[in-house]
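> Take a look at this one; I'll ask things after.
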Amino acid sequence: MRASAPAKINLALIVGPQRQDGKHELMTIYQRIGIADRVDVVPADHMRVEGFRGDTLVRDALDGLAARAAVEQRWHAKIEKHVPVAAGLGGGSSDAATALRLANETLDEPLSHAELHDVAADLGADVPFFLVDGPRLGSGDGTTLAPLELPQDFWILLVLPKDAQKQSTAAVYAAFDERSGGDGWDDRRAALLDALECVRRPRDLAALPTNDLASSPLAAELTALGAFRADVSGAGPAVYGLFHHKAHAKAAKHALRRAGRTWLTAPAWYG
């Protein structure tokens, strides 16, 4: 049982006030991209996860599946990493969702999609997204998903800034709260939905609001190099630029080669 575990970018991310459960209201556009890890899952005598020593989510996903399905934890999972770690690209979440889906297929009585969604939602806000196809609008705490019809004919340049240090998610949200980032939530949410209604062509994505949680000077550099939209993905530090033409994206990749690691890719629809 083997499958790819693609990364994602957030084409928009707006964040509201803290909820009673301690999480924040948010609205985001999840877009799967063509950079992926590889995950293998097979039945085994005991639980074992190998290939990435820093993994916690895949093991947690398999533990959660076993508990929900009332079966023993007997899988061997192997992760082959290609997505940069702790970059805001959802690599760990994608690995977890992929392992969850593969392991579920080995069960005599697999969980329903709704049950899998619940297990995934307990792992992280973006894990359920990787159980479905196509771009999605995430709302609530990010786990409520609605399908989107978005243009997919553009190129994506990813830049992971040199020596970038990712803050913990808790620290990013704490800083957001300290600057009263949740103020104006209703207006910002409405602005995102209004802009989304007008998206027909790739360049229409430029009107989407920018990331509420993180920013980077690299976004301005990407725009100057021809990107029609550039922003930070998730809580960062990875930055993406969207380009109409591959040649322009390749030229920007060359221009930014000293800024950090770069990848040239495109939207992906399926997991």
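The values are calculated or read from the model by the stated rules, or taken from the named source; none is laboratory data. A quick note: this is a predicted structure, and the numbers were derived from the prediction, not measured. Glycine also receives a Cβ, built like all others from the backbone with ideal geometry; neighbour counts cover every protein chain displayed. Surface areas here come from the heavy atoms of the whole protein model, side chains and all, with no ligands, DNA or RNA. Shrake-Rupley method; radii C 1.70, N 1.55, O 1.52, S 1.80 Å.
> Based on this model, can you work out whether Gly138 counts as surrounded by 12 or more Cβ atoms within 10 Å (Cβ to Cβ) and in a loop (DSSP other than H, G, I, E, B)?
No, not satisfied.
> Report the residue count in the stretch 108-130 for those that are open to solvent by less than 30 Å² (accessible area, probe 1.4 Å) and over 12 Å from the mean Cα position of the chain (by Cα).
Qualifying residue count for the region: 5.
> I would also like to ask the following. Which ones in the stretch 1-39 are among the small types (Gly, Ala, Ser) and in contact with a Leu (Cβ under 8 Å, 6 or more places away or on another chain)?
Ala3, Ala7, Ala12, Gly16
> How many of the residues in the stretch 1-15 are open to solvent by 40 Å² or more (accessible area, probe 1.4 Å) and at pLDDT 95 or above?
Matching residues across the stretch 1-15 total 0.
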